[in-house]
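The values are calculated or read from the model by the stated rules, or taken from the named source; none is laboratory data. Keep in mind that what you see is a predicted model, and the values were worked out from it rather than measured. For neighbour counting, all protein chains shown are included, and Cβ atoms are generated from backbone atoms with ideal geometry for every residue, glycine included. For accessibility, only protein heavy atoms count, side chains too; no ligands or nucleic acids. Shrake-Rupley method; radii C 1.70, N 1.55, O 1.52, S 1.80 Å.
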Amino acid sequence: REGLIMKYKIKRMLAMAGCLLLRDGNKKADYLRKSKLFKYFGKDVFWYPRVLPAKMYRVEIHNNVVIATDVCFCTHDISFLFQIKRLKLNGGRYNWSTGDIAVHDNVFIGAKAIIKYGVTMGSNTVVAMRSVVTKNVAPNTVVGEKPARKICTYEEYASKTIERQNMEFLYKWN
């Protein structure tokens, strides 16, 4: 068992080095997919974070996912450690609070968002930058804020995006 843990730690350190050295998000994603450290890592993924989840084997990234810079996948909670040591609870032993994170197809996660363990993001979802996602995100939803809440539907967001792109195109030519 110790040999497997050490092998995982070495592969994780190499993956972290790859994420620091590679600047292109598509190349980072290809590198991470080949590492097989994630629970699942789909195709057509753009990965721009420089930091990897502590427990990568608890994270699923499906197809056509864009993950912006400094997104944090928080796969565990250690906030109780100071209480255990201070109060000498459980004889100093502790149980990790942990869970899986699943990001389904066609998802965009904005810069500096935080995704908590136990969260599933349905297909066709958008997470606004700096959002803190603590609960599941329904398919076809745009969420934002702290904690994340529904802002609009994916269809409304797509419509506004197309409208804005058309306005920018017209503005450039006038």
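Can we say S123 is under 26 Å from K28 (Cα atoms), part of a loop (DSSP other than H, G, I, E, B) and either modelled with pLDDT of 95 or more or of a type in the set (S, T, Y) (or both)? When the stated conditions are applied, S123 passes them.
Within the range 2-40, the residues that satisfy the criterion of being basic (K, R), part of a helix (DSSP H, G or I) and either surrounded by 11 or more Cβ atoms within 10 Å (Cβ to Cβ) or in contact with a Gly (Cβ under 6 Å, 6 or more places away or on another chain) (or both) are K11, R12, K27, K28, R33, K34. Among the residues of the range 28-40, some residue qualifies, meaning at least one is more than 23 Å from T98 (Cβ to Cβ), in contact with a Pro (Cβ under 9 Å, 6 or more places away or on another chain) and not polar (S, T, N, Q).
Just a yes or no: is a residue in the range 37-47 at pLDDT below 95 and among the hydroxyl-bearing types (S, T, Y)? No - not one qualifying residue is present in the range 37-47. Of all residues in the range 129-174, those being at pLDDT 95 or above, open to solvent by less than 80 Å² (accessible area, probe 1.4 Å) and among the polar types (S, T, N, Q) number 5.
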